[in-house]
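*Asks:* Take this structure, written in structure tokens, and hold onto it; I'll ask about it next.
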């Protein structure tokens, strides 16, 4: 290689942040807030939640904790997403104090996280016409009806 040539290369593996986290069903609560129905605010700044905030129930509801709420769990097969990043750079000094540089840079992510709707309707139920509407809207017995002391959308008949 000539004395006026420089070659640089690099490689690295970067691990992404993950969405996995601890879930605290019953021990955290979200209070929705919408202060506008038109152009005028509904609530004042001194009392933004006139009906109060939703308090966490803790474990006081027993098995009824979280009924009617989203189901959250950590994926036991979770792997940490990552990307392999690499670069190759060749620089050549030319006459009159100029330089020519050619570079290649790449990145290859793997193990990317995907959100999956576990309640998605299977394709076999698409385009069934009236039979689809009848089958999917048929009432079935609610197995949770007697299991919760607290009223919730899931404990209705």
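The values are calculated or read from the model by the stated rules, or taken from the named source; none is laboratory data. Given the structure is predicted, the values throughout are model-derived calculations rather than measurements. Because the Cβ atoms are built from the backbone with ideal geometry, glycine has one as well, and the counts that use them run over all protein chains shown.
*Asks:* Taking the condition over 23 Å from the mean Cα position of the chain (by Cα), farther than 30 Å from residue 11 by Cβ and modelled with pLDDT under 90, does residue 97 pass?
*Replies:* When the stated conditions are applied, residue 97 passes them.
*Asks:* Pairs only if they're at least six apart or on different chains, beta carbon under 9 angstrom, first in the range 75-88 and over 27 Å from residue 103 (Cα atoms), second surrounded by 12 or more Cβ atoms within 10 Å (Cβ to Cβ) and at pLDDT 85 or above; list them, first residue then second.
*Replies:* Final answer for the pair search is 79/111; 80/16; 80/111.
Conditions (1) under 29 Å from the mean Cα position of the chain (by Cα); (2) at negative phi; (3) not in a loop (DSSP other than H, G, I, E, B), marked per residue:
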| residue | (1), (2), (3) |
| --- | --- |
| 8 | no, yes, yes |
| 13 | yes, yes, yes |
| 43 | no, yes, no |
| 70 | yes, yes, no |
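*Asks:* Now a separate question. Could you check how many residues of the range 1-32 are at pLDDT below 85 and surrounded by 10 or more Cβ atoms within 10 Å (Cβ to Cβ)?
*Replies:* Within the range 1-32, residues that are at pLDDT below 85 and surrounded by 10 or more Cβ atoms within 10 Å (Cβ to Cβ) number 10.
*Asks:* Hey, another quick one. Can you name the residue in the range 116-125 that is at pLDDT 75 or above and exposed (fewer than 10 other Cβ atoms within 10 Å of the Cβ) and is also nearest to residue 15 (Cα to Cα) among such residues?
*Replies:* 117
*Asks:* Here is a further query. Considering only residues of the range 75-94 that are in a loop (DSSP other than H, G, I, E, B) and surrounded by 10 or more Cβ atoms within 10 Å (Cβ to Cβ), which is modelled with the lowest pLDDT?
*Replies:* Here the residue is 75.
*Asks:* I'm told residue 111 meets every condition in (1) exposed (fewer than 11 other Cβ atoms within 10 Å of the Cβ); (2) touching a strand residue (DSSP E or B) at 6+ places or on another chain (Cβ under 8 Å); (3) at positive phi except one. Can you identify the failing condition by its number?
*Replies:* With (1) exposed (fewer than 11 other Cβ atoms within 10 Å of the Cβ); (2) touching a strand residue (DSSP E or B) at 6+ places or on another chain (Cβ under 8 Å); (3) at positive phi applied to residue 111, the lone miss is (1).
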